[in-house]
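Everything on this sheet refers to the single structure shown next.
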Amino acid sequence: MDLLQQIIARAKSNKQRIVLPEAEEERTLTAADRVLADDIADIILIGNPEKVHALAEEKGLKNIDKATLIDPLHCEKSEEYAQLLAELRKKKGMTIEQARELVKNPLYLGCMIIKTGDADGQISGALSTTGETLRPALQIIKTAPGITCVSGAMLLITKKPEYGENGVLVVGDVAVTPMPDADQLSQIAVCTARTAKSVAGFEDPRVAMLSFSTKGSATHEVVDKVIEATRLAKEMDPALKIDGELQADAALVPSVGKKKAPGSEIAGNANVLVYPNLEVGNISYKLVQRLGDAIAVGPILQGIARPVNDLSRGCSVDDIYYLVAITACQAMDAK
């Protein structure tokens, strides 16, 4: 069973309630129909019921009636949600009138459904920008305890079983924080290891903090940041298996790891890679994807108290389908 099938199996084993606030978008609705047919998650659709049913009929979708369908303009709990939102944002000056308008926005409404315990996660982005997806999540659901930095992990499924976890690596950050400081980088490391457990199913995440230096082979302030981030990550999670700073070859190749970082339990044995900044991370995974013919799954947003994930506006039905399963796996871990 490949990794994606393992993720689907885990999602099926403990069904979660996933909100799709872009229900009037045809790829989203098609993916929802497939998720419901395969019994992967309970789906909450947000959209105009007439438009959703018309699109489902047009596309021949047979399972949409299994979903909970909420009209954002006529939601039974709108006033309850508005009152709670106004309370959550009162220090920022939000009025009840403003809150009543915001809960008509499907992205805000979905996050309110999660906040009140009626759903476990949300996916958007087929129609929305990353900022539009993240803003309500951070305002309403907020970050996980001890976390202030949201980041994005990627699953890299390679054809090189000798590396990572039988060819699978979990890497971050590839999507959100451009220039993390040492504290933020430590949080990214801890969160990426958690994603490796909850989503990729790694029983033993082994985190390499990547740099252009291995154990003092070069000196620079950016190397110092990685060293400090490694120390802070160990303080944050003493049980975490982590080492740095390590060059990529020292992290992945046993013979190189032994030579460059003798005595390290991570060097040559890493299955989680943490990049020093977003520029490196984004470029690296795309090079591995294109030149190394790897499958890249994600980004998977991490650091939010309940999972809220962001799609590319160019996403496929498959992308949405698999991200529902991934979000469900994250939701199990977040409880």
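The values are calculated or read from the model by the stated rules, or taken from the named source; none is laboratory data. None of the values given here were measured: they were computed from a predicted structure. We place every Cβ from the backbone using ideal geometry, glycine too, and count neighbours over all the protein chains shown. Only protein heavy atoms, including side chains, enter the accessible area calculation; ligands, DNA and RNA are left aside. Shrake-Rupley method; radii C 1.70, N 1.55, O 1.52, S 1.80 Å.
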With every protein chain kept in the model, how would you rank LYS12, LYS335 by accessible area, 1.4 Å probe, largest at the top? LYS335, LYS12
Residues ASN105 and LYS258, FRET efficiency given R0 of 51 Å [Cβ-Cβ distance, rounded to 0.05]: 0.40
Using a probe of 1.4 angstrom, how much of the accessible area of the stretch 269-335 is carbon and sulfur, in percent? 49 percent
Rounded to the nearest 5, the percent of DSSP beta bridges in the chain running antiparallel is 35 percent
For the chain, what is one quarter of the convex hull surface built on the Cα atoms, given in nm²? 17.2 nm²
The farthest towards the positive end of the charge dipole of the chain, of the residues GLY146, THR177, ALA239, given +1 on Cβ of Lys and Arg and -1 on Cβ of Asp and Glu, is ALA239
Probe 1.4 Å, all protein chains in place: accessible area of LYS77 in Å², nearest 10? 80 Å²
Ordering of 303-316, 241-254, 85-98 by packing [mean C-beta count within 10 Å, highest first]: 241-254, 303-316, 85-98
Which ³J(HN,Hα) values, rounded to whole Hz and listed in residue order, are derived for the stretch 267-281 from phi using the Karplus coefficients 6.51, -1.76 and 1.60 in 6.51 cos²θ - 1.76 cosθ + 1.60 with θ = phi - 60°, glycine and proline given as x? 3, x, 9, 6, 10, 10, 10, 10, 7, x, 7, 5, 4, 4, x
Averaged per residue, what accessible area in Å² does the chain show with a 1.4 Å probe, protein chains only? 45 Å²
Under a point spin-label approximation (7 Å from Cα along Cα-to-Cβ), what is the LYS197-ALA37 distance to one decimal in nm? 3.6 nm
Taking each pair of different alpha-carbon atoms in the stretch 16-138 once, compute 1/r for the pair, average those values, and report the inverse of that mean as the Kirkwood hydrodynamic radius in Å to one decimal. 14.7 Å
Treating the beta-carbon of each Lys and Arg as +1 and of each Asp and Glu as -1, no other charges, what is the dipole magnitude of the chain about its Cα centre, to the nearest 20 debye? 620 debye
Which FRET efficiency value, to the nearest 0.05, is calculated for HIS74 and LEU291 with the Förster distance at 51 angstrom and r the Cβ-Cβ distance? 0.50
Taking 52-64, 112-124 and ranking on average Cβ neighbours within 10 Å, highest first, one gets 112-124, 52-64
Once neighbouring chains are kept in place and the probe is 1.4 Å, which whole percent of the accessible area of the stretch 98-242 is contributed by carbon and sulfur? 52 percent
